[in-house]
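The values are calculated or read from the model by the stated rules, or taken from the named source; none is laboratory data. In this text the structure is predicted, and so the values were computed from the model without any measurement. Heads up, the Cβs are rebuilt from the backbone with ideal geometry, glycines too, and the neighbour counts pull from every protein chain shown.
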Amino acid sequence: MSLNLEQKKAVVAEVSAAIAGAEAAVVAEYRGLTVAQMTSLRAEARKAGVYVKVVKNTLVRRVVANTSFACLDDHLKGPLAFAASSDPVAVAKVLSEFARANDKFVIKVGAMDGVLMTSEQLKALALLPSREVLLATLMRTMQAPVAQFVRTLNEVPARFVRTLAAIRDKAQ
C-alpha cells in the first residue's frame, strides 16, 4: 500500500525524532520473518530502549541524509528494518540476539559516530557489557583505593585498642 505525502512526512518526522538522540543505527534484512517474529523483536527492542521500524528505504535516505548516519545510504537496498538507540551496545545486543534465534533475520550494517560498521563489528559490540555494568565496574575500580586507604587508617587505632586489651588481660 502506497503512502500519501502527508503520511510520508509523518514517517520521516517520526524516524528523525528517533535518531535525533541516537548514537548508533543498524539496518537488517527481515525477509521471510512472520509478523509474530517481528512483533517479538519490537517488544524486546522496546524493553531495551531501542527504536525499531520497517520504513521505506527512500524515506530512510531522507532521514539520514544530513546526519552522522549518512554512511548507511549506500546499503539501503531490499526489505530492511531500521533500528536506532542512544546506547550502541543495546541496539547491537538486541538485534544480534534476535538474529541468533532467527536465521532469516540478517544484520547488514550499522553506523556509529559517522563510521560504518560491518555485521561482525556489530556482533563484537554486542558482546560488550551494558553501559550500566561498565559504569559499575568503573566505580568499583575508582572506589577500591579509597576503601583500602580507609581500612589502613582504621587499622592503627584498632591495633592500639587490641594492644591495650592484651595488656589488661595479662594484668588480670
Meets criteria (touching a residue at least 24 places away in the same chain (Cβ under 8 Å), assigned by TED's automatic domain parsing to the domain that holds GLY21, surrounded by fewer than 15 Cβ atoms within 10 Å (Cβ to Cβ) and out of contact with any helix residue (DSSP H, G or I) (no Cβ under 8 Å at 6 or more places or on another chain)) for ASP113: yes
Residue match in region 33-50 (condition: of a type in the set (S, T, N, Q) and either on the phi > 0 side of the Ramachandran plot or not in a helix (DSSP H, G or I) (or both)): yes
Number of the exception - LYS77 against (1) modelled with pLDDT of 90 or more; (2) over 19 Å from ILE19 (Cα atoms): (1)
Residue among SER68, SER96 that alone is part of a loop (DSSP other than H, G, I, E, B) and in the same structural domain as SER16 (by TED's automatic domain parsing): SER68
Failed criterion for VAL60 (all others in (1) free of Cβ contacts under 8 Å to residues at least 40 places away in the same chain; (2) assigned to a helix (DSSP H, G or I); (3) of a type outside the set (Ser, Thr, Tyr); (4) in the same structural domain as ALA18 (by TED's automatic domain parsing) hold): (1)
Hits in region 112-158 (condition: under 14 Å from the mean Cα position of the chain (by Cα) and part of a helix (DSSP H, G or I)): GLN121, LEU122, LYS123, ALA124, LEU125, ALA126, ARG131, GLU132, VAL133, LEU134, LEU135
Unmet criterion (only one of (1) outside any helix (DSSP H, G or I); (2) in contact with a strand residue (DSSP E or B) (Cβ under 8 Å, 6 or more places away or on another chain); (3) free of Cβ contacts under 8 Å to residues at least 24 places away in the same chain) for ASP103: (2)
Of all residues making up region 15-36, the number that are surrounded by fewer than 16 Cβ atoms within 10 Å (Cβ to Cβ), more than 20 Å from the chain's Cα centre (by Cα) and more than 18 Å from HIS75 (Cα to Cα): 4
Hits in region 15-56 - residues which are closer than 17 Å to LEU80 by Cα and of a type in the set (Asp, Glu): GLU29
Residues of region 2-14 satisfying the condition of being outside any helix (DSSP H, G or I) and surrounded by 11 or more Cβ atoms within 10 Å (Cβ to Cβ): LEU3
